[in-house]
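Here the structure is laid out as structure tokens; the discussion comes afterwards.
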Protein chains: 2
Amino acid sequence: MQASSSAADGHLYEQVMAEMAALIEAGTLRQGDRLPSVRRLSRQRGVSVATVVQAYLGLEDRGLVEARPQSGHYVRARRAPLPPEPRLPRPTTTACKVSVRSVAARVYSASRDPSIVPFGAASPSPELLPTDKLNRILAAIARSAGGAGVAYDPPPGLPALRRQIARRSVDWGCALGPDDIVTTIGAMEALHLCLKAVARRGDTIAIESPTYFGLLQLIESLGIRAVEIPSHPRAGMDLDVLEEALGRHAIKAVLAVPNFSNPLGALMPDEAKERLVAMLARREIPLIEDDIHGDLHFGDVRPRVAKSFDRHGLVMLCSSFSKTLAPGYRVGWVAPGRFRDTVEQLKFAQTVASPTLTQMAVAELLDEGGYDHHLRALRRRLAAQVARVSEAVAEHFPAGTRVARPSGGFVLWVEMPTGVSALDLHDRALDRGISVAPGPLFSAKHRFLHCVRLNCGFPWSDLLDHGVRTLGRLAGEMVGS
Amino acid sequence: MQASSSAADGHLYEQVMAEMAALIEAGTLRQGDRLPSVRRLSRQRGVSVATVVQAYLGLEDRGLVEARPQSGHYVRARRAPLPPEPRLPRPTTTACKVSVRSVAARVYSASRDPSIVPFGAASPSPELLPTDKLNRILAAIARSAGGAGVAYDPPPGLPALRRQIARRSVDWGCALGPDDIVTTIGAMEALHLCLKAVARRGDTIAIESPTYFGLLQLIESLGIRAVEIPSHPRAGMDLDVLEEALGRHAIKAVLAVPNFSNPLGALMPDEAKERLVAMLARREIPLIEDDIHGDLHFGDVRPRVAKSFDRHGLVMLCSSFSKTLAPGYRVGWVAPGRFRDTVEQLKFAQTVASPTLTQMAVAELLDEGGYDHHLRALRRRLAAQVARVSEAVAEHFPAGTRVARPSGGFVLWVEMPTGVSALDLHDRALDRGISVAPGPLFSAKHRFLHCVRLNCGFPWSDLLDHGVRTLGRLAGEMVGS
């Protein structure tokens, strides 16, 4: 449970939630059992009714209990116990040229077709985002902006947006100023600028394994070589293996997603972040940190960024609003540390400027103050959706399947028995109108042959239910064949 | 005069305009002389009143005549004859690494300060653009788009926009289909994608000299080497020199702006375009064609693009709506010929997608049909502005100054006497609140030490008048010192 790890320093309701979750996990409270009434537990524990209500809401979000109208809260039917977690990949000792094929393009083009079950591309459903509010803000700005709306907004980008981002950086353990930030076309341009600032064609960088295929494509397009460092399903990049690799290769940079990596959903503990930053600082190696999922924590506390431990300007922090507000607005940013001037110049050379009006709209929404409220609701929904898909996989996938326990974000990594080819499963599923992201996409060496990543960005529905059942059946047929 | 060169195959009013212009040039009609009344000339020449009105409007636009209310048309006071044109730069025979310094950044940041006289960055005034109309369209779309407005629009980009671009391609001598096109973040991302598709770090490409400093920065950021081919002030890249260079260097691509190059405003004749395309096709060398100013012709006919002569898919045509609709919308595109799949994959790797709503707004404006009307007015305004700045330079700059005769676009290349350092002039002018783009920016070898480029994107005003006077005085002081 997320709750238990943060209960000590978390809120009261988190403690209550952790206690009840432990009772359920231990089997003390079983499927169908009624939980103590809100009023009764409130008296028992000497906490307010509101605290218990929030705790029970949290248990609902995590899929552990369900509320029955006029009756109370009951332990939910968990159709099958969750399978074990995926294994840690073995380290590899060689750098290799990165090459990812056109499967990624098929995953993305499937995401444009609303009739296809959307387990492929990692994208939150627009209905979970403040779509209408943001579009209304943009409309109002466009009507009143006049010439400012059509004029270039040259790098480092819109001051109002950089101010809002800087303001929020306190939550991540940083104290960025507006001038520390350069706005970009989504996080992907931010990562691109960072890579170009610190590495060249033929250079080697270290990355997590498995890692998001978009990053692999970017690295490939730059002709950069990658050493894949195994990533622990819960704790992220294996720093012992990294340290060894730093000794063996001339590594120009490390690219990592410490908070809710993609596809594992791993959360690197703070001590590990600190160790990573120090390890690289000793060698003057830049860390390119992708924090695109950092705001989507299932636990109570917004995790720190590795950059919060940076004393030498060597950490280049990248993020965007694509996962929390609007993928199609393409508003991202980077805090490039000591590489700021280089990044700003490269930004100008590559895309001249980011669109003006979309930056203005995001800045305005952040300024209005509803963003934190939105994030709280979004996190609850995503946690519930990940839990629901996990359960369905447990129920329908063949024996021997393993499932990650993401602690944030909205993707689920599934390791199937060795008989199941993920690439074949992708093809057969797509024939049946279901998109998944097959494991080999997530490795420069095309490892993870038996894994798939499932997008959990959409609310549970009959369509998704049908999708998981079909995937499980197809996988089962491959095991048997 | 533009008119005379296209009169043979142009409209009637062009013929009338050319005749009257010739009378003024020859001194038959002198400063202050009244032109024949519209009705009278109409009877004399046997053409309609509307034709004469249009001819006189054209003469006004070119700064040759002025209308006096209730009185008629008069030959305008031309304060000084235009100085000669700049000279053709000497060919250089070596490739060199491209390096352009931070002066470019100062030129761009000056463009954000409305108190600075805007002769620096090449940007049309928002008041010349359909700013309110476009912003209103965007507002209406944002209000009604719902989830489609916030969702990713993955490469190749918005179908409706690609359809509109394809529809317009007939005007340039092409017959592109929507699937030939990939949308981008402005023309700069288009050029970036093309360069990455066909050249690598350390490779050599051929470019025009002088050439836009943004292109030089882009080439520098990719570690590509450039052979500078001299560009004729009227006819563009010297193809004899290019042909020789192709024999001497392993040139991977040619990057050119055949229609209204920046900074010269040169227009490559159709036969030269055809020769260029054929010359490269024989050697299987791609041509990256930047047509960003193609719609801004001062003459009557929209010039063809070099791609219209492409039989082998080797021409990669890039453009955007940044100069004609909205720089800050960042809507550009590329027709990459045989490199389409590579470009589409690179686009995904670099910026994932272009913003959705701004593409929708531009597509809608193009679909509504007012774009051609807008372009006609914009061209007239820009031609008049270029003429006005040219005259002011003639009047105020020191003897020995040369001025280009751009046939489209909105920048003016000025070659000053050798005593005048353009970089010093830039610094001294900026101290006085005037921005210019100094010549050395426009060459990888920092040639053009005595040249400046003046942006003519803004309507003539006392501020601009003051700006040119001050620049002339500063330059004069340097000649004398």
Notebook entry, point to check: Any idea which of (1) part of a loop (DSSP other than H, G, I, E, B); (2) more than 30 Å from residue A:450 (Cα to Cα); (3) in contact (Cβ under 8 Å) with a residue 24 or more places away in the chain is the one residue A:89 doesn't satisfy?
Noted result: (2)
Checklist line | Hits in segment A:385-405 - residues which are farther than 18 Å from residue A:478 by Cβ and in contact with a Phe, Trp or Tyr (Cβ under 8 Å, 6 or more places away or on another chain) | finding: A:385, A:386, A:388, A:389, A:404
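Condition check ((1) in the same structural domain as residue B:250 (by TED's automatic domain parsing); (2) among the polar types (S, T, N, Q); (3) modelled with pLDDT of 85 or more) across all residues:
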{"position": "B:37", "(1), (2), (3)": "no, yes, yes"}
{"position": "B:45", "(1), (2), (3)": "no, no, no"}
{"position": "B:53", "(1), (2), (3)": "no, no, yes"}
{"position": "B:93", "(1), (2), (3)": "no, yes, no"}
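Each row is one residue, and each column tells you yes or no for (1) assigned to a loop (DSSP other than H, G, I, E, B); (2) of a type in the set (A, V, I, L, M, F, W, C); (3) outside the structural domain of residue B:453 (by TED's automatic domain parsing); (4) surrounded by fewer than 24 Cβ atoms within 10 Å (Cβ to Cβ).
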{"site": "B:206", "(1), (2), (3), (4)": "no, yes, yes, no"}
{"site": "B:214", "(1), (2), (3), (4)": "no, no, yes, yes"}
{"site": "B:219", "(1), (2), (3), (4)": "no, yes, yes, no"}
{"site": "B:234", "(1), (2), (3), (4)": "yes, no, yes, yes"}
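In the set A:276, A:317, A:264, which member is buried (at least 24 other Cβ atoms within 10 Å of the Cβ), touching a Lys or Arg at 6+ places or on another chain (Cβ under 9 Å), outside any loop (DSSP other than H, G, I, E, B) and aliphatic (A, V, I, L, M)? Don't jump to the end; show me each part of the working.
Working: A:276 fails: touching a Lys or Arg at 6+ places or on another chain (Cβ under 9 Å); A:264 fails: outside any loop (DSSP other than H, G, I, E, B).
Only one candidate passes the filter, namely A:317.
Of A:193, A:264, A:222, A:255, which residue is out of contact with any Asp or Glu (no Cβ under 6 Å at 6 or more places or on another chain), closer than 30 Å to residue A:102 by Cα, at pLDDT below 95 and among the aliphatic types (A, V, I, L, M)?
Numbers: A:193 fails: at pLDDT below 95; A:264 fails: at pLDDT below 95; A:255 fails: at pLDDT below 95.
Exactly one of A:193, A:264, A:222, A:255 is out of contact with any Asp or Glu (no Cβ under 6 Å at 6 or more places or on another chain), closer than 30 Å to residue A:102 by Cα, at pLDDT below 95 and among the aliphatic types (A, V, I, L, M), namely A:222.
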Item checked: Conditions (1) within 14 Å of chain B (Cβ to nearest Cβ); (2) farther than 30 Å from residue B:139 by Cβ: number failed by residue A:169 -> (1)
Check: Identify, please: which residue in segment B:320-339 is in a loop (DSSP other than H, G, I, E, B) and among the charged types (D, E, K, R) and is, among those, surrounded by the fewest Cβ atoms within 10 Å (Cβ to Cβ)?
Finding: B:323
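Conditions (1) hydroxyl-bearing (Ser, Thr, Tyr); (2) modelled with pLDDT under 95; (3) touching an Asp or Glu at 6+ places or on another chain (Cβ under 6 Å); (4) over 22 Å from residue A:105 (Cβ atoms), marked per residue:
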| position | (1), (2), (3), (4) |
| --- | --- |
| A:368 | no, yes, no, yes |
| A:375 | no, no, yes, yes |
| A:384 | no, yes, yes, yes |
| A:436 | no, no, no, no |
| A:447 | no, yes, no, no |
| A:452 | no, no, no, no |
| A:467 | no, no, no, no |
| A:472 | no, no, no, yes |
| A:476 | no, no, no, yes |
Next item on the list: All but one of (1) surrounded by fewer than 24 Cβ atoms within 10 Å (Cβ to Cβ); (2) out of contact with any Ser or Thr (no Cβ under 8 Å at 6 or more places or on another chain); (3) at pLDDT 95 or above; (4) not in a helix (DSSP H, G or I) hold for residue B:246, so report the exception by its number.
Entry: (4)
Next item on the list: Mind listing just one residue for me: the one in segment B:10-53 that is acidic (Asp, Glu) and closer than 23 Å to residue B:81 by Cα and, of those, surrounded by the most Cβ atoms within 10 Å (Cβ to Cβ)?
Entry: B:19
Checklist line | Unmet requirement for residue A:375, which otherwise passes all of (1) within 17 Å of the chain's Cα centre (by Cα); (2) buried (at least 20 other Cβ atoms within 10 Å of the Cβ) | finding: (2)
Notebook entry, point to check: What's the number of the condition residue A:228 fails, among (1) in contact with a strand residue (DSSP E or B) (Cβ under 7 Å, 6 or more places away or on another chain); (2) of a type outside the set (A, V, I, L, M, F, W, C); (3) surrounded by fewer than 24 Cβ atoms within 10 Å (Cβ to Cβ)?
Noted result: (3)
Note to self: Looking at (1) touching a Gly at 6+ places or on another chain (Cβ under 9 Å); (2) closer than 29 Å to residue B:239 by Cα; (3) in a helix (DSSP H, G or I); (4) in contact (Cβ under 8 Å) with a residue 60 or more places away in the chain, which one does residue B:342 not meet, given that it meets all the others?
What the structure shows: (1)
Notebook entry, point to check: With respect to residue B:441, is the statement that it is assigned to a helix (DSSP H, G or I), surrounded by fewer than 18 Cβ atoms within 10 Å (Cβ to Cβ), in contact with a Leu (Cβ under 8 Å, 6 or more places away or on another chain) and among the aliphatic types (A, V, I, L, M) true?
Noted result: no
Next item on the list: Take segment A:110-134 and flag every residue that is without any contact (Cβ under 8 Å) to a residue 24 or more places away in the chain and either of a type in the set (D, E, K, R) or in contact with a helix residue (DSSP H, G or I) (Cβ under 9 Å, 6 or more places away or on another chain) (or both).
Entry: A:112, A:113, A:126, A:132
Check: Given (1) facing chain B (nearest Cβ under 8 Å); (2) modelled with pLDDT of 95 or more; (3) more than 20 Å from the chain's Cα centre (by Cα), where does residue A:132 come up short, assuming only one miss?
Finding: (2)
Item checked: Scan of segment A:321-344 for residues that are within 7 Å of chain B (Cβ to nearest Cβ), in contact with a Pro (Cβ under 8 Å, 6 or more places away or on another chain) and either of a type in the set (Gly, Ala, Ser) or under 23 Å from residue A:310 (Cβ atoms) (or both), ordered by number -> A:328
Next item on the list: Say whether the condition of being surrounded by fewer than 19 Cβ atoms within 10 Å (Cβ to Cβ) and facing another protein chain (nearest Cβ under 7 Å) is met by at least one residue in segment B:153-162.
Entry: no
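How about segment B:243-274: which of its residues are over 22 Å from residue B:406 (Cα atoms) and not acidic (Asp, Glu)? Reasoning before the result, please.
Let us first name the residues in segment B:243-274 that are over 22 Å from residue B:406 (Cα atoms), namely B:243-254.
Passing the criteria: B:245, B:246, B:247, B:248, B:249, B:250, B:251, B:252, B:253, B:254.
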Note to self: I'd like the full set of residues that are farther than 12 Å from residue A:142 by Cβ and more than 10 Å from chain B (Cβ to nearest Cβ), limited to segment A:348-364.
What the structure shows: A:362, A:363
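The values are calculated or read from the model by the stated rules, or taken from the named source; none is laboratory data. Predicted, not measured: the structure shown is a model, and the values here were computed from it. Quick reminder, even Gly has a Cβ in these numbers, built from the backbone with ideal geometry, and neighbours come from all protein chains shown.
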